[in-house]
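**Student:** Following this message is one structure expressed as structure tokens.
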Amino acid sequence: MSKSFLIDTTLCTACRGCQVACKQWHDLPAEKTINRGTFENPADLSFDTYKLVRMREEVINGKLNWLFFPEQCRHCIEAPCLETAGDPGAIYRDDKTGAIIFTANTKRLNAAEIIESCPYNIPRKGPDGTLAKCDMCIDRVENGLLPACVQTCPTGAMNFGDRDEMLALAKKRLAVAKKKFPKAMLIDPDDVNVIYLVAYEPELYCANAMASNAVFDITRQVALGRMIRPLTNIASRLL
Amino acid sequence: MNVTRRKFIQITGASAAGLAVSGLGFDLTPIKSHAQMLKTKYAKETTTICCYCAVGCGAIVHTSKKGDGRVINIEGDPDHVINRGSLCSKGAALSQLTENENRLLEPMYRAPYSKKWEKVSWDWALTEIAKRVKKTRDASFEHKNAKRQVVNRTTDIVSIGSSALDNEECWIYQAMVRALGLVYVEHQARI
């Protein structure tokens, strides 16, 4: 049984506990930023920032809404990054949890191609060409702990558990949210292991909240990559 | 060509099916050598109370058992009745109170009218603070107020406590300043 997150944005207060807990557990350094007139900080995900609470001010039905979206890797069930890489030494799926894991070997991949392949625009390149993103706190999960972001969440917006439990919870929470927010929906629940519940249209929350049409021209290459993958696997094990 | 994620899955699914037919007949699953050991596995666990706001969340401090005893990790205590393992962004950053290269490690002193800070010894700093507190306190101490009521207080010294103190440290601290006769005692986290 793979693991899943349910992120109920209707409960998120943007305290950013998840963002800080993620940095803390992974021993990632802070980034120097400038005031951009928003509490959203840093400006984007990076090699050192796997999780970022997006904050958007949107006028909906004549009323100002502050929309929060704790953005992170979705750990796709069919992960385009993994397919594009075709190199299990660099990007692999952990069978027990369903986590998509980037290793230090991502250095030997074409970073631009991997980043381009992600429908949610998540992976980021480090100074030496290594790619980084959320690792589902696989070390914690394997040892029976919750991911750092879920453990720290004070409001219950972040949830983690077996996939069927999370899907059931998602259904329950959606029914509750629908009463107050008729447009409430789950984002790509069948395709990803990090399921977001949003109160309004996903595109209001952040540019890549939902798998979009932003993936260009990778298909043929990816399809081909998948066909010849066994060969590249042999090659990568010989090398 | 625009390809939506759904289409993408269909395409890769189809190519996977093609591959299954061609089947190579031997297992190519890579050997995964991820030694997933918790960084806190051999750490000592101590409970504490978050030093910031008045909620008083419980936290677990993981410290190294290897000589230096430095903090490895601090996270919410799941057994704590108030926060049940959760912490906000300030609480989640607790380990930065000790593990932070920007921390001052020695007392710094800026003399009156001076523009620069200088490193001084703990001995010198504590003695100097004690001297000045005593001087101001003795000079301003009121035994009785205008109505001849016993007050035993000084209103010339104000204490604004640090948020970086935990519950127990705060108690000791306020006991000390009240013993000196301070009545203006405030804690930063409440301001």
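**Student:** Go through (1) assigned to a helix (DSSP H, G or I); (2) open to solvent by 100 Å² or more (accessible area, probe 1.4 Å) for residue B:42 and report which single condition fails.
**Tutor:** So residue B:42 meets the others, but not (1).
**Student:** Another one. Restrict the check to segment A:63-85 and report whether at least one residue is assigned to a loop (DSSP other than H, G, I, E, B), without any contact (Cβ under 8 Å) to a residue 40 or more places away in the chain and surrounded by fewer than 16 Cβ atoms within 10 Å (Cβ to Cβ).
**Tutor:** So the first thing to find is which residues in segment A:63-85 are assigned to a loop (DSSP other than H, G, I, E, B), and the list is A:72-79.
Pick out the ones that are also without any contact (Cβ under 8 Å) to a residue 40 or more places away in the chain and you get A:79.
Narrowing the set further to residues that are surrounded by fewer than 16 Cβ atoms within 10 Å (Cβ to Cβ) leaves none.
Within segment A:63-85, none of the residues are assigned to a loop (DSSP other than H, G, I, E, B), without any contact (Cβ under 8 Å) to a residue 40 or more places away in the chain and surrounded by fewer than 16 Cβ atoms within 10 Å (Cβ to Cβ).
**Student:** Return the residue satisfying two criteria in turn: it lies in segment A:169-198 and is out of contact with any strand residue (DSSP E or B) (no Cβ under 7 Å at 6 or more places or on another chain) and under 24 Å from residue A:99 (Cβ atoms), and of such residues it is surrounded by the most Cβ atoms within 10 Å (Cβ to Cβ).
**Tutor:** A:192
**Student:** Only residues that are farther than 16 Å from residue A:84 by Cβ and crowded, with 23+ Cβ neighbours inside 10 Å: list them for segment A:116-134, please.
**Tutor:** A:134
**Student:** Hey, another quick one. Return the residues of segment A:43-62 that are open to solvent by less than 30 Å² (accessible area, probe 1.4 Å) and either modelled with pLDDT under 95 or over 22 Å from residue A:147 (Cβ atoms) (or both); say none if nothing qualifies.
**Tutor:** If the condition is that a residue be open to solvent by less than 30 Å² (accessible area, probe 1.4 Å) and either modelled with pLDDT under 95 or over 22 Å from residue A:147 (Cβ atoms) (or both), then A:60 is the only one that fits.
**Student:** Follow-up question, since we're still on this one. I'm trying to understand the selection: among the residues of segment B:75-93, which are within 11 Å of the chain's Cα centre (by Cα) and in contact (Cβ under 8 Å) with a residue 24 or more places away in the chain?
**Tutor:** Selection gives B:90, B:91.
**Student:** Filter segment A:91-115 down to residues that are at the interface with chain B (Cβ under 10 Å from one of its Cβ atoms), part of a loop (DSSP other than H, G, I, E, B) and either touching a Gly at 6+ places or on another chain (Cβ under 8 Å) or buried (at least 21 other Cβ atoms within 10 Å of the Cβ) (or both), then give me how many there are.
**Tutor:** 1
**Student:** If you don't mind, there's one more thing I want to ask. Within the set of pairs 6 or more residues apart or between chains, which connect a residue that is without any contact (Cβ under 8 Å) to a residue 40 or more places away in the chain inside segment A:182-199 to a residue that is among the β-branched types (Val, Ile, Thr) and crowded, with 21+ Cβ neighbours inside 10 Å with Cβ atoms less than 7 Å apart?
**Tutor:** Listed by first residue and then by second, the contacts come to A:185/A:198; A:186/A:195; A:187/A:195; A:187/A:198; A:189/A:195.
**Student:** Got at least one residue in segment A:6-21 being more than 12 Å from chain B (Cβ to nearest Cβ), free of Cβ contacts under 8 Å to residues at least 24 places away in the same chain and surrounded by 17 or more Cβ atoms within 10 Å (Cβ to Cβ)?
**Tutor:** So far as segment A:6-21 goes, no, none of its residues is more than 12 Å from chain B (Cβ to nearest Cβ), free of Cβ contacts under 8 Å to residues at least 24 places away in the same chain and surrounded by 17 or more Cβ atoms within 10 Å (Cβ to Cβ).
The values are calculated or read from the model by the stated rules, or taken from the named source; none is laboratory data. All values derive from a computational prediction rather than experimental measurement. All Cβ positions, glycine included, derive from the backbone under ideal geometry; neighbour counts span all protein chains shown. When the accessible area is computed, the model is the full protein with side chains, heavy atoms only, and any ligands, DNA or RNA have been set aside. Shrake-Rupley method; radii C 1.70, N 1.55, O 1.52, S 1.80 Å.
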